[in-house]
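Reviewing the structure listed below.
Computed from the coordinates by the stated procedures, all read-outs in this text should not be read as laboratory data. Just so we're clear, the structure is a prediction, and the values are computed from it rather than from any experiment. Note: ideal-geometry Cβ built from the backbone for every residue, glycine included; neighbour counts use all protein chains shown.
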Amino acid sequence: MFDNYLKPVQGYELLPLRLVLGLAFLYTGIMKVLNPSMITDMLNGLGFPAPVFFAYVLMIVEIAGGAALILGLLTRFFSAALAIMLVVALFTVHIPVMSQGYALVVDFFKVLTIITGLIALFIAKPGKLSLDAKYRI
């Protein structure tokens with residue numbers, strides 16, 4: 001029914017998802033850079049080996065991944081990298097605390113929703129308005 005009306009936007013379907021997820025990761029990465037001890041302390045508390053190293057890995061992946069999603073550059077690579085990072089967060093941070101309250105269950109589902117969006121970006125093409133499409137990456 002709506003196919004004729006939607007023809008002009010075909011190829012741009014995932015652009016809103018790319019932009020929102022990209023901005024979210026760019027923002028959270030920058031917030032980590034502005035307060036690296038917060039993330040280092042959290043990783044240390046979770047028992048991560050080399051918490052300083054992994055804090056900087058998180059910052060780099062979130063900032064580079066967020067910018068890449070916004071630009072549509074290496075979309076599949078960064079979608080996979082960010083999804084893997086969030087799956088680790090899901091099992092090390094979110095699932096262990098779910099029994100402590102409703103808000104933490106909601107956080108779990110928010111992270112799961114973001115992972116689902118990243119999987120969609122990994123499976124689909126990044127769309128016409130992307131550097132991947134422009135350079136056939």
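What relative contact order, as a whole-number percentage, does the chain give when Cα pairs under 8 Å and 6 or more residues apart are counted? Reported as a whole number, the value is 30 percent. The base-10 log of I(q)/I(0) for the range 28-96, evaluated at q = 0.12, 0.14, 0.23 Å⁻¹, reads -0.32, -0.43, -1.03 [Debye formula, identical scatterers on Cα atoms, solvent excluded]. Whole angstrom only: what separates the Cα centroid of the range 1-62 from the Cα centroid of the range 65-86? Comparing the Cα centres of the range 1-62 and the range 65-86, I get a distance of 8 Å.
What FRET efficiency comes out for the pair M1/F77, r = Cβ-Cβ distance, R0 = 41 Å, nearest 0.05? My answer for the efficiency is 0.65. Rounded to the nearest 500, the 222 nm mean residue ellipticity of the chain from helices alone is -23000 deg cm²/dmol, with -39,500 (n - 2.57) taken per DSSP H run of at least 4 residues. When the chain is treated as a Gaussian network with alpha carbon springs shorter than 10 Å, the biggest mean-square fluctuation among M31, M59, M98 belongs to M98. Three principal axis extents of the chain based on alpha-carbon atoms, in descending order, are 54, 33, 22 Å. Taking Cα atoms only, the orientation of helix 15-34 departs from the longest principal axis of the chain by about 30 degrees.
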